Amino acid sequence: MGSARGRFDGAMTFELGADSAVSRPARHARHWVAPVISSLVTLPAAFFAYVFASLMPMACDSCTEAEAARFDPSFDRAYTVFGWGLAVSLLLLVTAWLLPWQERFVARRIGFAVAAPFAVGLTYLVFMGMIDWP
């Protein structure tokens, strides 16, 4: 059984030197700053926007039948658009985190990270504008 054991002699290993044609892409030193700041702004903003949007039907508690007939369908459409808008803003945030951690993606990462909180704000403004208020 002793002869069946092989010996690793290092013949199959190699090192890539500085002069090698294969090199690793450069990593950005502070690649995580933009997604962290965006997360700290986007997630609470999305939460509070969702809470305020969910409380909006109480604005029509004392509505007449005619006012409620206009408000309810417009709120349903606006709330659906609001949900999709929040999904888009969260996808922007996730994209900022999941881009490869290379120097060439820094501008895209910053762009997605900056766009995420603005998408929350724009979504809320569109939601408020779509409702037929009493």
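What pairs can you find where one residue is in segment 88-109 and within 27 Å of Tyr124 (Cα to Cα), the other is β-branched (Val, Ile, Thr) and in a helix (DSSP H, G or I), and their Cβ atoms are less than 6 Å apart, with a gap of 6+ or different chains?
Going by the 6 Å Cβ cut-off, the qualifying pairs are Ser89/Val120; Leu93/Thr42.
Just wondering, is there one or more residues in segment 72-87 that are under 23 Å from Leu40 (Cβ atoms) and assigned to a loop (DSSP other than H, G, I, E, B)?
Step one: filter segment 72-87 for residues under 23 Å from Leu40 (Cβ atoms), giving 82-83, 85-87.
Add one more test, that the residue is assigned to a loop (DSSP other than H, G, I, E, B), and what stays is none.
There is no residue in segment 72-87 that is under 23 Å from Leu40 (Cβ atoms) and assigned to a loop (DSSP other than H, G, I, E, B).
Pairs needed: first member in segment 26-37, at negative phi; second member anywhere, of a type in the set (Gly, Ala, Ser) and at pLDDT 80 or above; C-beta distance under 6 Å; at least 6 residues apart or different chains.
Close Cβ pairs (under 6 Å, with a partner that is of a type in the set (Gly, Ala, Ser) and at pLDDT 80 or above) amount to Ala34/Ala113; Pro35/Ala96; Pro35/Ala113.
Kindly indicate whether any position in segment 46-61 is over 19 Å from Met128 (Cβ atoms), of a type outside the set (Gly, Ala, Ser) and open to solvent by less than 100 Å² (accessible area, probe 1.4 Å).
Taking every residue of segment 46-61 in turn, none turns out to be over 19 Å from Met128 (Cβ atoms), of a type outside the set (Gly, Ala, Ser) and open to solvent by less than 100 Å² (accessible area, probe 1.4 Å).
I'm checking my understanding of the structure. Among residues of segment 12-28 that are among the hydrophobic types (A, V, I, L, M, F, W, C) and open to solvent by 80 Å² or more (accessible area, probe 1.4 Å), which one is modelled with the lowest pLDDT? Working first, answer last.
Initial filter on segment 12-28 (among the hydrophobic types (A, V, I, L, M, F, W, C)): 12, 14, 16, 18, 21-22, 26.
With the extra rule that they be open to solvent by 80 Å² or more (accessible area, probe 1.4 Å), the set shrinks to 12, 14, 16, 18, 21-22.
Numbers: Met12: 56, Phe14: 49, Leu16: 53, Ala18: 55, Ala21: 56, Val22: 60.
Taking the candidates together, the pick is Phe14.
Any residue at all in segment 103-123 that's modelled with pLDDT of 95 or more, among the polar types (S, T, N, Q) and open to solvent by 50 Å² or more (accessible area, probe 1.4 Å)?
There is no residue in segment 103-123 that is modelled with pLDDT of 95 or more, among the polar types (S, T, N, Q) and open to solvent by 50 Å² or more (accessible area, probe 1.4 Å).
Kindly indicate whether Leu92 is open to solvent by 70 Å² or more (accessible area, probe 1.4 Å) and under 16 Å from Val36 (Cβ atoms). Before you say what the answer is, go through the steps one by one.
Details: open to solvent by 70 Å² or more (accessible area, probe 1.4 Å): no; under 16 Å from Val36 (Cβ atoms): yes.
In short, no.
Select from segment 30-53 the residues that are aromatic (Phe, Trp, Tyr) and assigned to a helix (DSSP H, G or I) and write down the one among them that is nearest to the chain's Cα centre (by Cα). Step through it out loud before you land on a result.
Just the residues of segment 30-53 that are aromatic (Phe, Trp, Tyr), to begin with: 32, 47-48, 50, 52.
Filter once more, so that each one left must be assigned to a helix (DSSP H, G or I): 47-48, 50, 52.
Details: Phe47: 13, Phe48: 16, Tyr50: 16, Phe52: 20 Å.
Result: Phe47.
The values are calculated or read from the model by the stated rules, or taken from the named source; none is laboratory data. It should be emphasised that the depicted structure is a prediction, and the values quoted were computed from it without experimental measurement. FYI the Cβ positions are ideal-geometry reconstructions off the backbone, even for glycines, and counts take in every protein chain you see. SASA here: full protein model, heavy atoms, side chains in, ligands and nucleic acids out. Shrake-Rupley method; radii C 1.70, N 1.55, O 1.52, S 1.80 Å.
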